[in-house]
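Here the structure is laid out as structure tokens; the discussion comes afterwards.
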Amino acid sequence: MKAIASCINNLEFVAQKEIKEIINANSEIIYKSKVLFSIKAEKDLAKFIYYSRSIIKAYLLLDNIEFKEKDEIIDKIKTIKFPYLKDSFVVRCERKGNHDFSSNDIEREAGEIIFKKFNIKVDLHNPAATIIIDIIDNQCFIGIDFTGISLNKREYRIRVSSNSLNPCLAYCLLRIADYDSKESLLDPFCKSGEIAIEAALLSLEIPNFKIDKLLFSKLIKTSFKNKKSAKKLDIYAVDSFQNNLRSGEINARIISLQKQIKFSRLDIEWLDTKFKEKSIDKVITFPIYPTQTLPLNVVEKIYKELFYQLEFIMKKKRVIVILTPVPEIIEKYASQHNFKKERDIKLNYINHEFSILKLI
């Protein structure tokens, strides 16, 4: 059996790491944001969905097609023997790219075909099975949805700030930094706390959702034992804005992590008063950047001070991972304080071009 994981484009390798770690399966990137992997049983797919932190959704793959016209998709659907169709079903189409048809068109036509073929009622609100038709550009993947919800919408995230970070992306930054729970971690622009919270959840092996919130619970009987960890973590979430800190503290409290993460209101120039010399292993952050209301000269002054402070508080074997739309400015001030670029990953985020810089 095969399954598809949908993830952030250009960060597919993080999902591949998780596939290997969680279910010990091989995988391959078959298209942008799509990772194909093998499973021995449906329980493997359920386990991966339950413990993964990098993916948006995952489903059991039934078939796929490269198409030019909508009718090719419809013809393919006619040939598929859909499993799990017992009481009711619904068709959900997710589509990215330029097409001369809508998602509703696909859902309606596919639904009519399946209804007539299997004589199973359509239930738009509480179906027993959800058929997913996942279209990106000229690629169409057809499967049974095992997720049901967008996994990047974490339950803890009830308060957000301006430019709050997507939790899946926050987790990916941690993996790019090779963060380990034994290390000290600092986010000096924590906003609503996603990086610090994802670090704590990763360290304590806490899943995103309860099993009954995930669609596979309707399809198969399975359960997983959650590990209870008593680790003491060295995670610091700092921000100069009180509203940001308040949001982060509330989000952490939702999942009882307020004692594991140390939140502090602090301006960048005071980092060396809070942290001892060479005390921080890793810095992972999404700093402010130039906008129409935030001039370049103000941002550059902050970056200059940031790297001056980090050179003092970070250990010799240090790693910084930064998400930024202005990598050249980050690199300019990083190099002035002996930080070197090891990696630059490009991605589109909030409809703009960003870089993930890994500095050592």
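No value in this document is a laboratory result; all are computed from the given coordinates. Please read all numbers here as calculations on a predicted model, not as lab measurements. Every residue, glycine among them, receives a Cβ derived from its backbone with ideal geometry; neighbour counts consider all protein chains shown.
Key figures for this structure:
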read-out	value
Ranked list, fewest to most other Cβ atoms within 10 Å of each Cβ, for I284, I39, I136	I136, I39, I284
Principal axis dimensions, largest first and in whole angstrom, of the stretch 194-235 by Cα	40, 21, 9
Within a Gaussian network of the chain (alpha carbon springs, distance under 10 Å), most fluctuating of I29, I197, I49	I29
GNM top mover of I30, I330, I320 - the chain, alpha-carbon springs below 10 Å	I30
Share, in percent, of DSSP beta bridges within the chain that are antiparallel, nearest 5	60
Label-to-label distance, nm, for residues given as R343 and T79 (7 Å Cα→Cβ offset)	4.0
Cβ-placed point charges (K, R +1; D, E -1), dipole of the chain about Cα centre in debye, nearest 20	1380
Cα-centred dipole magnitude for the stretch 206-360, charges only on beta-carbon of K, R (+1) and D, E (-1), debye, nearest 20	1220
Pairs beyond 24 Å (Cα-Cα), from K17/K315; K43/K81; K276/K346	K17/K315; K276/K346
Long pairs among K117/K213; K70/K96; K278/K304, criterion Cα-Cα beyond 25 Å	K117/K213
Top of I106, I80, I211 by mean-square fluctuation, Gaussian network on the chain, Cα under 10 Å	I80
Alpha carbon Rg of the stretch 65-216, scaled by the compact-globule rule 2.2 N^0.38 Å	1.34
Cβ charges +1 (Lys, Arg) and -1 (Asp, Glu), total dipole of the stretch 2-145, debye	460
Using distinct alpha-carbon pairs, which all enter the 1/r mean, Kirkwood radius of the stretch 283-360 in Å	12.8
Pairwise FRET efficiency - H125 versus S240, Cβ, R0 = 41 Å, nearest 0.05	0.35
Directionally averaged shadow of the stretch 35-104, computed from the convex hull of its alpha-carbon atoms, nm²	6.5
Taking the C-alpha atoms of the chain, convex hull volume expressed per residue in Å³	144
25 °C / 0.890 mPa s Stokes-Einstein diffusion coefficient of the stretch 2-145, Kirkwood radius on C-alpha pairs, µm²/s	157
Value of Rg to Rh for the stretch 153-266 (Rh from inverse mean 1/r over Cα pairs, i.e. Kirkwood)	0.99
Exposed-site-free run, longest, the chain (rule: GluC sites (Glu not before Pro); DSSP loop; at most 14 other C-beta within 10 Å)	70-154
Förster-model FRET efficiency, 41 Å R0, K278 and K43, C-beta, rounded to 0.05	0.35
